[in-house]
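One structure is given here, and the rest of the page talks about it.
Where a number appears in this text, it was derived from the coordinates with a stated rule and is not lab data. Note that the coordinates shown come from a computational prediction; the quantities given were computed from them, not determined experimentally. Here the Cβ positions follow ideal geometry from the backbone for every residue, glycine too, while neighbour counts run over all protein chains shown.
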Amino acid sequence: MTGRKPRERGPLRRFARNRGAAVGALLVALMVLAAMFAPIISPYGPDDADLAAALRNPDRLHWFGTDNLGRDVFSRVMHGGRVTIPVAVVGVLAAVSVGVPLGLIAGYYGRFFDTIIMRLTDILLAFPAMLLAIAITSALGIALSTVSIAIAVFSTPTYVRLVRAEALRLREREFVIAARSLGATNRLIIWRHILPNSLSLIIIQSSLNVAFGALTVSALSFLGLGAQPPTAEWGVMLADARADMRVAPHVAAFPGLAILVFVLGFNLLGDGLRDAYDPRSKR
């Protein structure tokens, strides 16, 4: 009788068997779909006001109740995702497009490039992310595009350090040395060997950054530095609800819950991806 060594599960199978990852993926999917189809599933327009129905508690006509202007909170929460999510995603994509190439250059070439890039990265990392975001939006002007820029600026150093470390590890691996001995150019090695082997780390980090990016969008909007009233955005809704917290707590509870669910979903998704691609991280 010959014993066979059990075949190791691949990343996709490990991810599928991770309950936390499944919950995270489900929450993210629901939030994204709700934002995409908000005009269809919302019973009212996000700015439709009815002062006669102001501050109504949740009922069959208004599932999440109404705010101080009689606007349907459910409709505004659904449309809020159409603002918060794209702004966060655009900021993270911009950070990836800048941070990944810089990290590849610093890690693969080293020396002068590494010194300059990492010193600039250290300067940005010296500032707390939210403080840096507030400074950028204050300096460049209040706009959602500025919020995306702020997210990109404080997220870029993370990708630089992450990809640089991976490039340093991979540049001395056998397959890279073999490609170099066969005459492959540095550019070809970077884009065909180093980058593909770093993608899993980039995707994992991006899922976590989108969660923090959405939190940043809502926080800046709450402070008056992002989306502005009467825009249906989760942070704006929280700011508008401050005066009515005692008499109508539901006006703040539901946009706050939307932020919680979205951030929790992406964090669970990111943790699940990390555990799937690096099982040792669970130990």
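What the table shows:
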| read-out | value |
| --- | --- |
| Overall Cα dimensions of segment 61-150 - principal axes, largest extent first, Å | 65, 24, 18 |
| Estimated inter-spin distance, Leu168 and Ala126, nm [label 7 Å along Cα→Cβ] | 2.0 nm |
| Rounded tilt (10° steps) of 73-109 against the dominant C-alpha axis of the chain | 20 degrees |
| Residue-span extension gain [Arg19 to Asp50] - 0.36 nm each, minus C-alpha spacing | 6.8 nm |
| Prolate/oblate/rounded call for segment 159-283, Cα gyration tensor, a/c under 1.5 rounded | prolate |
| Kirkwood-type radius of the chain, with distances r between different C-alpha atoms, in Å | 21.0 Å |
| With Cα atoms, 0 to 90° folded angle of helix 19-36 axis to the chain main axis | 50 degrees |
| Within segment 1-99: Cβ-based charge dipole about Cα centre, in debye rounded to nearest 20 (Lys, Arg +1; Asp, Glu -1) | 1200 debye |
| Label-point gap, in nm, between Asn68 and Asn197 - each point 7 angstrom along Cα→Cβ | 5.9 nm |
| Projected label distance in nm at Leu30 and Ile116, using a 7 Å step from Cα toward the beta-carbon | 5.0 nm |
| Förster-model FRET efficiency, 30 Å R0, Ser138 and Leu188, C-beta, rounded to 0.05 | 0.10 |
| Highest average packing first - 17-24, 164-171, Cβ atoms within 10 Å | 164-171, 17-24 |
| Separation of alpha-carbon centers, segment 167-238 and segment 15-71, rounded to whole Å | 29 Å |
| Choice from Phe37, Phe222, Phe266 showing the highest fluctuation, given a GNM over the chain with Cα pairs closer than 10 Å | Phe37 |
